[in-house]
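Quick note: the coordinates plus some simple rules give every number you see, no bench work behind them. Just so we're clear, the structure is a prediction, and the values are computed from it rather than from any experiment. Every residue, glycine as well, gets a Cβ built from its backbone with ideal geometry; the counts of neighbours run over all protein chains shown.
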Amino acid sequence: IEEQQVRRIVRAVGGSGFNLNLFPNVACSMAFFRVLQPISVTETEIHHSVITMDGGPAAANRYRLRLHEHFQGPMGFGTPDDSEAWERVQKGANAGENLWIMLNRGLPGEKPSEDGLVSDVSAETGMRAAYQQWKKMMTAEVK
């Protein structure tokens, strides 16, 4: 493969990236598809799948796999960090009754739009929205 082809493939599979969370338990990005499956009050299974292109260039699929391994692996950029955060939230939730879990990152920068609140990519706006929806569903009257 020529350098120009590699550059085109990297741009095509890397792009600017994105994170898409579908309430209540699906997440995906340029590199992975993730399903969170609650098992009990204290346990959740997380299933990861790398996203590749059926019939796509082998070099592009290798790049996607390396990107997935870089983020999701045991020494990866994201999964160890995410797992540690989830464990700490669980420990904090077990520390007592009626304790707050702070999800305030980006709160001052939120702005209303036609689709709801929008904010900076590093804000916890999506997490707040998920918890608000969960609370709404859990406190709704059963019909």
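Quick look at the values:
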item: Modelled label reach - F23, point 7 Å along Cα→Cβ, region 36-61 residues with backbone N closer than 12 Å; result: none
item: Residue-wise HN-Hα coupling along region 98-114, computed from phi with Karplus coefficients 6.51, -1.76, 1.60 (Hz; x: Gly, Pro); result: 6, 8, 8, 10, 7, 10, 10, 5, x, 4, x, x, 5, 9, x, 9, 4
item: Estimated dipole of region 102-143 in Debye, rounded to 20 [Cβ of Lys and Arg +1, of Asp and Glu -1, Cα centre]; result: 220
item: Volume per residue that the Cα convex hull of the chain spans, once the total is divided by residue count, Å³; result: 182
item: Sum of -39500 (n - 2.57) over DSSP H runs of 4+, divided by residues of the chain (222 nm, nearest 500); result: -12500 deg cm²/dmol
item: By average C-beta atoms within 10 angstrom, highest first, the peptides 67-73, 51-57; result: 67-73, 51-57
item: Contact order relative to length of the chain, as percent, for alpha carbon pairs under 8 angstrom and 6 or more apart; result: 13
item: Selection from P38, P57, A85 lying farthest towards where the dipole of region 3-97 points positive, charges on Cβ; result: P57
item: Projected label distance in nm at M75 and Q4, using a 7 Å step from Cα toward the beta-carbon; result: 3.8
item: Cα-projected label distance for M127 with R88, points at 7 Å along beta-carbon direction, nm; result: 1.0
item: Calculated Rg and Dmax of region 102-143 using C-alpha coordinates, Å; result: 12.2, 38
item: Cα centre as origin, Lys/Arg/Asp/Glu Cβ charges: region 3-97 dipole, Debye; result: 580
item: Förster radius 41 Å - calculated FRET efficiency between E43 and K111 (Cβ-Cβ, nearest 0.05); result: 0.65
item: Relative contact order [Cα under 8 Å, 6+ residues apart], region 37-105, whole percent; result: 14
